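Novice: This is the structure I have questions about; it appears just below.
The values are calculated or read from the model by the stated rules, or taken from the named source; none is laboratory data. The structure displayed is predicted, hence computed values, not measured ones. Cβ placement follows ideal geometry from the backbone for every residue including glycine, while neighbour counts extend to all protein chains displayed.
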Amino acid sequence: MPKFAIGVDLGGTNLRIAAVDDTGKLLQKLTLGTEVKRGRDHVIQEMCAAIEQLLAKFTSAGEMCGIGIGVPGFIDMESGMVMRSPNLADWTNFPVREVIEKRLGTHVILENDANVAAMGEKWLGAGRDVEHMCMYTLGTGVGGGLVLHGRLWHGMTGMAGELGHFNIFPDGHPCGCGSRGCLEQYASATAVVRMAREAMERKEASEELTRLEGDPVQFTARSIYNLAVQGDASAKRVFENVGRALGIGIGAMVNALNLPMYVIGGGVASAWDAFAPAMFEEMEFRSSIYALTSPERKEFSRSTIITRALLGSDAGLYGAARLPMLEDFSQLEKTRTKA
Ligand SMILES: [Zn+2]
C-alpha cells in the first residue's frame, strides 16, 4: 500500500495544502483564499477543514504518514511553537502543533518555510541527486535551509539556516533582525527595489529607471529586471549588486561546509541571468575552495554546483509533505517536551 502525507504551505497571502504520495506524485492540491490577516484561529480552522477533506479522500488509498506545515518564522522544534514571525504576529507563544494534532488526531511537524523549500528541492528538485545541499530562497526576504545527509539541519533549537542574515557589509543597510548589511538587504526583491531607488537618489539611474520609480505599482523587482534585460546600465548594476552579495554569502558557506550543491530559488532567482555572472565572479574571489572546485576547473572528480531551484513555488509544499515521511514518530515523541 502506498504511503502519503499532507503538506501545508502557509504563506503571507494564501494557504496551500496538498496530498503527496511517497514517490513524489501530487495527489491533490488545494489553494485557499484564506486571508492570513484575519487571524490565527480563522486560518487554523480553514486549514484543518481542508486537511480533513484530503484525509477523507485519500486515507482509504494508502497509509497516512502525517502532516508537515511550512510556516514563515522561527520555530521551536521541541515545543512546536512559532517563536517569532513578522507575518504571523498572533501565532507566537501559542501551541500551534498541539492544537492541530488534537483537532486532527495525527502527527504534525511544524517547520520553517525556507527549510521546507530546501527539503522539497532535495527530494524532487535540483538537489535530488545529492545528499547534502544548501538552499537560498530570494523573496520578500532571503530564507535559507541546510540539508545534510538528506535531512534538514536544525541546529540546537531548530533555528539553523538563517542564511539571509549572513553579514555581507558590516556597516551596510539596517536589517529587520537588528543587524546591518545582511544578505537579505542586497538579494531580496525588497532590496532590489531599494537599491534602484538609491541609484536614483545618487543620480545614477537612467531616465527609464527614474520613470519607473515614479509609478509605485510598476516599480517592482520584476520590472527593474526587465529593464536590465533590455540593457539598461543602471538596472543591470542593481542586479550586479545582488550577484556580488550572493557571491560573498555563498562563498562563506562554501568555505565553511564544502557542500556539493547550493540552490537558489524564490522570485528573484528568475533574474538569474542578470545576477549570476557577478555572483560567480565574486565567488571565485571570496572562496578559494570554490575557485578550486568550480565546474570549469575539473581538478577534482566532483564540482561545487551553484544552480537554480526547479520546483518554483511548489517546493515548500512538497518539502512539507516529505517531512512526516522521513520521521520516526515513536522516537520523536521522546524528544518533544510538553508545550
Ligand atoms: Zn538581518
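Novice: Within the stretch 1-23, can you find the residues that are over 19 Å from the mean Cα position of the chain (by Cα) and surrounded by fewer than 18 Cβ atoms within 10 Å (Cβ to Cβ)?
Specialist: Of everything in the stretch 1-23, those that are over 19 Å from the mean Cα position of the chain (by Cα) and surrounded by fewer than 18 Cβ atoms within 10 Å (Cβ to Cβ) turn out to be MET1, PRO2, LYS3, ASP22, THR23.
Novice: Check GLU284 against each of (1) over 24 Å from the mean Cα position of the chain (by Cα); (2) under 25 Å from LYS25 (Cβ atoms); (3) of a type in the set (Asp, Glu) and name the one condition it does not meet.
Specialist: Condition (2) is where GLU284 drops out.
Novice: Looking at (1) surrounded by fewer than 24 Cβ atoms within 10 Å (Cβ to Cβ); (2) not in a helix (DSSP H, G or I), which one does TYR262 not meet, given that it meets all the others?
Specialist: Evaluating TYR262 over (1) surrounded by fewer than 24 Cβ atoms within 10 Å (Cβ to Cβ); (2) not in a helix (DSSP H, G or I) leaves (1) as the failure.
Novice: Checking CYS177 against (1) away from the ligand (no atom under 16 Å from the Cβ); (2) at pLDDT below 95; (3) within 18 Å of the chain's Cα centre (by Cα), which single condition isn't satisfied?
Specialist: (1)
Novice: Then there's this: Any residue at all in the stretch 278-285 that's of a type outside the set (S, T, N, Q) and touching a residue at least 40 places away in the same chain (Cβ under 8 Å)?
Specialist: no
Novice: Would you point out the residue of the stretch 56-74, among those that are crowded, with 18+ Cβ neighbours inside 10 Å and of a type in the set (A, V, I, L, M), that is modelled with the lowest pLDDT?
Specialist: Checked the stretch 56-74; the qualifying residue modelled with the lowest pLDDT is VAL71.
Novice: Would you check if there is a residue in the stretch 190-200 being near the ligand (Cβ under 10 Å from one of its atoms), at pLDDT 95 or above and not small (Gly, Ala, Ser)? Talk me through it step by step, then tell me what you get.
Specialist: Taking the stretch 190-200 and keeping what is near the ligand (Cβ under 10 Å from one of its atoms), we get none.
No, the stretch 190-200 contains no residue that is near the ligand (Cβ under 10 Å from one of its atoms), at pLDDT 95 or above and not small (Gly, Ala, Ser).
Novice: What tally of residues in the stretch 22-39 results from selecting those that are over 17 Å from MET325 (Cα atoms), charged (D, E, K, R) and modelled with pLDDT of 90 or more?
Specialist: Selection size over the stretch 22-39: 1.
Novice: Can you find even one residue in the stretch 296-317 that is touching a residue at least 40 places away in the same chain (Cβ under 8 Å), basic (Lys, Arg), surrounded by fewer than 21 Cβ atoms within 10 Å (Cβ to Cβ) and farther than 30 Å from ALA5 by Cα?
Specialist: Yes, the stretch 296-317 has at least one match.
Novice: Something else: Would you pick out the residues in the stretch 125-167 that are within 16 Å of the ligand (Cβ to nearest atom) and closer than 18 Å to ALA271 by Cβ?
Specialist: Matches in the stretch 125-167: TYR136, THR137, LEU138, GLY139, THR140, GLY141, VAL142, GLY143, GLY164.
Novice: Cβ-Cβ under 6 Å, sequence separation 6+ or interchain: first residue in the stretch 159-184 and over 18 Å from THR140 (Cα atoms), partner at pLDDT below 95 and part of a loop (DSSP other than H, G, I, E, B). Which pairs?
Specialist: Every condition considered, the pairs that remain are ALA160/HIS154.
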